[in-house]
Amino acid sequence: MAFTFGNKDMFVMGVVDQTLYDPTTGDVIGYDRLANDVAIEYTFDLTDITGFNESLVMSIPHTTRLTGTYTSAAFSLTQRALLTGSEVSYNGVARVCEEITATGTSLTVTQQPALFYGQAAGDTTGWCYVREKGAATADGTNYGVDLTTKEVQNFTATNGKVYEVTYFTQMASAQSAPLKAAANPSVVSISQRWAVYAAQNGNKESGTLQGYLYFNVPLAMLEGDAGMDGNQTTNSTTSYNWRALENVNNMPECDVCGANTNNLAYYVYVPCGDQTQAVQQLVIVGGPMALTVGEEQQIPVKYLMPDGSVVQPVYTDLSYQSAQSSIATVDTNGVVEGATAGDTTITVTLNRSSGGNLTTVAVVNVAA
């Protein structure tokens, strides 16, 4: 078969999306389509085998590593929770500021105060700060607010004045993602979808979409930075870095000898258009079909691919027509049944929206 090592008019540009699955349940636990930097690295070391005079006889690959980086412009608490082994939950503790007009010398807040994350669990007052409205500065003193009465402690107000009171409360809609002291990054299944284009007249700027290149990792442990970065002109990014894991129940046998047949990942290219456009021919395997009256057999039809391999078709994607249904009938699944003794043929057709339809003929011999 003639081939080349690359198509100068085909190119991959831009990551369309990345989906993270729970490898146990199959649930989607993460999705992103705003990547601005992506890389995949498959590496291994080589060990030299030498002969006489230390001449190099061969090199054996070992210590295979498959890693990837995926940096997204999208903000995600879920990703940070996956990296640390925690979970995103609602009802987080958040800061609030409200204006209170003093009636007497005390101030009482309206929402239920809560302990800030830095406080001891046994505290009976939450952190609380008071500033007269319009004041240019604040003293930063924590006066405390009683968790039961909601009254600000250790502060004497002036009747009629308006104060800005800052304290903490639990908000039902506020999401919280803990960063654990002992990180336990999640193990996920990853599927990335890259866009494949064809240049028009050698110009990549006016390329047309040809298909999608999928990169699928059955098992990967997330790693990287769960922190934040950014400045006044650059937004913070989210990192989904990962390291592929081998899917085995026990240690592999003799990796360096090439006996390990497990796969860390898979490339799958799916062209746009008809799913069977690459099929070259329909072929009947095994010669004429021999049946007796009342016997049923599946038509042994296969797809012949450009590389000479055969692929099992989905039988309902094909259509079937018996030349003499009085001798043999065929259903929509390609199952032939002998009716009476004799010889006939079954025409099998693959109808395609592109590339033209394909047909083949199966010879059927029915014995009494």
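The values are calculated or read from the model by the stated rules, or taken from the named source; none is laboratory data. What you see is a predicted model; the values in this text were computed from it and never measured. Glycine also receives a Cβ, built like all others from the backbone with ideal geometry; neighbour counts cover every protein chain displayed.
Observations on the model:
- Matching entry among SER353, SER325 (being free of Cβ contacts under 8 Å to residues at least 24 places away in the same chain and outside the structural domain of THR64 (by TED's automatic domain parsing)): SER325
- Subset of the stretch 113-126 [in contact with a Leu (Cβ under 8 Å, 6 or more places away or on another chain) and in contact (Cβ under 8 Å) with a residue 40 or more places away in the chain]: PRO113, ALA114, LEU115, GLY126
- Of everything in the stretch 280-303 that is closer than 17 Å to LEU350 by Cβ and among the polar types (S, T, N, Q), the residue that is surrounded by the fewest Cβ atoms within 10 Å (Cβ to Cβ) is GLN298.
- Looking only at the stretch 33-69, and only at residues there that are among the aliphatic types (A, V, I, L, M) and surrounded by 12 or more Cβ atoms within 10 Å (Cβ to Cβ), the one that is nearest to LEU264 (Cα to Cα): LEU66
- When CYS128 is tested against the conditions (1) in contact with a Phe, Trp or Tyr (Cβ under 8 Å, 6 or more places away or on another chain); (2) assigned by TED's automatic domain parsing to the domain that holds ALA35; (3) among the hydrophobic types (A, V, I, L, M, F, W, C), the lone failure is (2).
- Inclusion of SER86 among residues that are small (Gly, Ala, Ser) and over 27 Å from ALA177 (Cα atoms) is not warranted.
- Annotation: of all residues in the stretch 30-48 being of a type in the set (Val, Ile, Thr) and modelled with pLDDT of 90 or more, the one that is farthest from THR78 (Cα to Cα) is THR43.
- Extreme residue, nearest to GLY294 (Cα to Cα), among residues of the stretch 327-358 that are touching a helix residue (DSSP H, G or I) at 6+ places or on another chain (Cβ under 9 Å) and β-branched (Val, Ile, Thr): VAL335
- Which numbered condition VAL361 misses (of (1) over 17 Å from GLU296 (Cβ atoms); (2) modelled with pLDDT under 95): (2)
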